[in-house]
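Okay, structure first, notes after.
The values are calculated or read from the model by the stated rules, or taken from the named source; none is laboratory data. Please read all numbers here as calculations on a predicted model, not as lab measurements. When we count neighbours, we look across all protein chains shown, and the Cβ atoms used for this are built from the backbone with ideal geometry, even at glycine. With ligands, DNA and RNA removed, areas are computed over all heavy atoms of the protein, side chains included. Shrake-Rupley method; radii C 1.70, N 1.55, O 1.52, S 1.80 Å.
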Amino acid sequence: AILIYLMRMVKSLLENQSLILEKYLHELIPAVATCIVSRQLCSRPDHDNHWALRDFASRMMAAICKNFHTSTNNIQTRVTKIFSDALKSDKNPLVAYYGAIAGLQELGPEVIKVFILPNISILAEKIDAALDPNNATVSSVEKNAAQQIRTLLVKSVSPVLKAMRDPPDNIEEYKKEFGSLGAPLHSGVEKARRQSGNKPSGGGSSSGSSRSSSQQHGPLSAPRPPQPQKVFNMRVIQEATHQPVRVEPPVAAPPPLPPPQVVSSPLVRTVVLNADGSMPSNQQSSSRSRSHHF
């Protein structure tokens, strides 16, 4: 159980974009590969679900190859060689074959064509030997592994065969080429063809919608001119995306200020001086008369 948590930790490290993992790939890749092709990953392999651990680790290895593979380090080439060597070895148990197939099929259809398809007939013979009821030397773990390999091969190889071969599919040709796995693969390919045939094509719906729109508006109808927008005396505040819009009421203009009042006083008068700064003669006589008056 602790290994699945370690793989989840690896997943978190890969998803953390603030970390630079290129310097530590030589330590991560062997650990992940061990959780894929190892002979035994738990104390009770006949009861514990170590298949889920192998599948999860295979997805993590594919993510490592996708994110860090370059023409200099050739990570995906090295990882593919690890899985292909485990698949071609005659000494490995069926659980290791399952991990190798799971790791290869996560790397894409081209890897399946090159490394899995040529070995299906050999795998079919090993599956038949493990599931033979007269063979008492085979453990329950190996029998379970044979069933898991058959299910995984049908799931991963059927879409590739569907893309490679044109219908109709002859079941006898499948049996001749893939042995006992021919019939399950033939059923998987036919099922994949039925599923792809039932999907509606997006082009037909778009053409139908365009045809209906042309019937409604006419093929040569001009586009509708833009309508002028009405301007309202209000201020709109957009708070955030997907949030309701709050509309504030219009702000009333302040009332105009009254004109300044001019207060006339008999003691205040305007005097215009001459160019040299002296007071005019009429203003001087007027000021002297006022001073005598007071």
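Give all pairs with beta carbons closer than 8 Å in which a residue from the stretch 145-170 that is within 19 Å of Gly108 (Cα to Cα) meets a residue that is open to solvent by 80 Å² or more (accessible area, probe 1.4 Å); count only pairs at least 6 apart in sequence or on separate chains.
If the second residue must be open to solvent by 80 Å² or more (accessible area, probe 1.4 Å), the pairs left are Ser158/Lys191.
Does Ala145 satisfy being in contact with a Pro (Cβ under 9 Å, 6 or more places away or on another chain), open to solvent by less than 10 Å² (accessible area, probe 1.4 Å), closer than 18 Å to Ala52 by Cα and part of a helix (DSSP H, G or I)?
Numbers: in contact with a Pro (Cβ under 9 Å, 6 or more places away or on another chain): yes; open to solvent by less than 10 Å² (accessible area, probe 1.4 Å): yes; closer than 18 Å to Ala52 by Cα: yes; part of a helix (DSSP H, G or I): yes.
Taking the combined requirement at face value, the residue satisfies it.
Being free of Cβ contacts under 8 Å to residues at least 12 places away in the same chain and under 24 Å from Tyr97 (Cβ atoms) is the filter; apply it to the stretch 171-181 and report the residue that is surrounded by the fewest Cβ atoms within 10 Å (Cβ to Cβ).
Residues of the stretch 171-181 that are free of Cβ contacts under 8 Å to residues at least 12 places away in the same chain, as a first pass: 172-173, 175-176.
Pick out the ones that are also under 24 Å from Tyr97 (Cβ atoms) and you get 175-176.
On the way: Lys175: 16, Lys176: 11.
Restricting to residues being free of Cβ contacts under 8 Å to residues at least 12 places away in the same chain and under 24 Å from Tyr97 (Cβ atoms), the top hit is Lys176.
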